[in-house]
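What follows is a short report on a single structure.
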Amino acid sequence: YLETYGCQMNVSDTDIAWAILQKSGYARTKELDEADVVLLVTCSVREKAEQAIWNRLQHLKALKARRPQARAPLRIGILGCMAERLKEEILHREKLVDVVAGPDAYRDLPRLLAVAESGQQAANVLLSLDETYADILPVQTSAGGRTAFVSIMRGCDNMCSYCIVPFTRGRERSRPIASILQEVRMLSDQGVKEVTLLGQNVNSFRDLSEVQFQSVAAPGLSRGFSTVYKAKQGGLRFSHLLDQVSRVDPEMRIRFTSPHPKDFPDEASVLQLIQERHNICKQLHLPAQSGSTRVLEAMRRGYTREAYLELVHHVRDSIPGVLSLSSDFIAGFCGETEEDHQQTVSLLREVRYNVGFLFAYSMRQKTRAHHRLQDDVPADVKKRRLEQLIATFREEAARANAALVGQAQLVLVEGPSKRSASELCGRNDGNIKVIFPDTELEDAAECGAPGRAQPGDYVMVKVTSASSQTLRGVPLCRTTLSRAAASH
């Protein structure tokens, strides 16, 4: 029984871990009570994420205690970032945990579980400089199987002062393009209609596996951007990968996350590809974290407010009709003043994001902030600032989404709406949720009889109303990605 917490990377890791265990003869259950092994794929980015795991372990403790004598003892494993951050401490603190495996140790799971079978605790938290699981084709587990995450790289070298990721996921390394394309083709054959390329920092991707590309010059950074590491030479870059992936299947949407703003300026070719290819979504995630240059410097983000805004304008100029911008923000970082906070509020107003991920700062051990800075913004102030950021974001997102009312949007159907069985739910190109009535629809090609839209179908929907999170509309017809692009 597998349970996933945290980011999309962990969803992808769950699929990898399951692929490895399946090969070793394990079967998977959706019922917790049936399981002999329970594995939690964990997150360490914020304290709240870890607290959820400790709470879950208390529930599992009771389950373990209630287990009938006649059955094999229940084995519990902690996988992923929390395993890497706390290592053996988890084994000592919670005697009920049998296995601890870091993000680079999933290949070792069958051995670790075999050790646990003999009644001993087992751990492997070694971080690797080259593990990308390139040869393991993940077993897809996402809902409906119409969308999938494809991990293209692991780890991060940016060393932002607030971030635990370089310590839990190790150094940056990229998967060979050939193995990524193999996975994307396999997904296309399975009928997957949308793939999201995943990495902690996708646009610094570099495939070094092909000798002839190892001496390619390192890209430059544009005005106002810097890094803590030397520019890296060689390898096929992200734009090459994006070009190749988008050619696999013209009916498959391509998204990517999470890029770092510093790696965009030189990658004009990435922006050009987004503009040119009908199946690369016109949606960009540009994590800002703060709107104050002073705070950005303390965070070691490598850019100023001005450089970030210049990039936003450049993106909007390069891709007219960029549908959607999303971002991440941290409220109450070390030393943040009221004025710094107001600058973040004003950045939210100025850029007007469609999607936002906003959190109060949570100090993590091992990070540079933990060693060098003071977590000096009181909890109640963090909470108030976060609430103000969320309110501002929602206000602006509602305005951005309202501009879509009256327009036709191409929606990839995911399934029935959570609130009503008579409505369908899907996402538009900009990754915004769209809800519309489930009715008989004509086919735009007029080759099929009228019918109801199924998960994986593309439906043209005319937007009739909008909120900060959702669009509602009336369906016009079923169509295809290529046909919709041609008629635009």
Self-check item: Euclidean distance of C-alpha centroids, the range 152-175 and the range 280-331, integer Å
Solution: 20
Quiz item: So how strong a dipole does the chain carry about its Cα centre when Lys and Arg Cβ are +1 and Asp and Glu Cβ are -1, to the nearest 20 debye?
Solution: 760
Quiz item: Tell me, what are the semi-axes, in whole angstrom and largest first, of the equivalent ellipsoid of the range 2-124 as set by the roots of 5 times the Cα gyration tensor eigenvalues?
Solution: 20, 17, 14
Exercise. Mind checking the full-extension length gain between Q69 and D135? Use 0.36 nm per residue of separation minus the Cα-Cα distance, one decimal, nm.
Key: 19.8 nm
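Can you tell me the FRET efficiency between E440 and A398 if r is taken as the Cβ-Cβ distance and R0 is 30 Å, rounded to the nearest 0.05? Spell out each step's value before the answer.
Values: r = 32 Å, r/R0 = 1.06.
Efficiency, rounded to the nearest 0.05: 0.40.
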Quiz item: So how far apart, in nm, are the two label points at E3 and L476 if each is 7 Å from Cα heading toward Cβ?
Solution: 4.5
Practice problem: Take every Cα pair under 8 Å in the chain that's 6+ residues apart, average their separations, divide by the length, and report that relative contact order as a whole percent. | Solution: 10
Quiz item: What value, in deg cm²/dmol to 500, does the helix sum -39500 (n - 2.57) over DSSP H runs of n ≥ 4 give at 222 nm once divided by the residues of the chain?
Solution: -10000 deg cm²/dmol
Self-check item: Efficiency of FRET between F357 and E297 - r from beta-carbon atoms, R0 22 angstrom, step 0.05
Solution: 0.50
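Report, in listed order, any pair from K48/K366; K23/K64; K262/K366; K282/K433; K87/K232; K30/K433 with a Cα-Cα distance greater than 22 Å. Intermediate values should be presented prior to the final figure.
Working: K48/K366 17 Å; K23/K64 26 Å; K262/K366 24 Å; K282/K433 15 Å; K87/K232 31 Å; K30/K433 27 Å.
Flagged as over cut-off: K23/K64; K262/K366; K87/K232; K30/K433.
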Quiz item: Once amide H atoms are built 1.01 Å from N in the peptide plane, which residues 5 or more positions from V37, or in another chain, come under 5 Å H to H?
Solution: R75
Quiz item: Mind checking Rg over Rh on the range 147-403, alpha carbons, Kirkwood formula for Rh?
Solution: 0.97
Quiz prompt | Dipole magnitude of the range 2-124, debye to nearest 20 (Cβ charges: Lys/Arg +1, Asp/Glu -1, about Cα centre) | solution = 300
Exercise. Restricting to the chain, compute how many DSSP beta bridges are antiparallel as a %, nearest 5.
Key: 40
Quiz item: Fully extended, how many nm does the chain gain between R28 and A486 (0.36 nm per residue separation, minus their Cα-Cα distance)?
Solution: 160.5 nm
Practice problem: Any chance you could get the radius of gyration and Dmax over the Cα atoms of the range 378-463, in Å? | Solution: 17.5, 63
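Two decimals, Cα atoms only, Kirkwood Rh: what is Rg/Rh over the chain?
Details: Rg = 23.1 Å, Rh = 24.0 Å.
Answer for the chain: 0.96.
The numbers here are math on the coordinates, done by the rules we state, and not lab data. Values in this document were obtained by computation on a predicted structure and should not be read as measured data. Note that each Cβ is placed from the backbone with ideal geometry, even for glycine, and that neighbours are counted across all protein chains shown.
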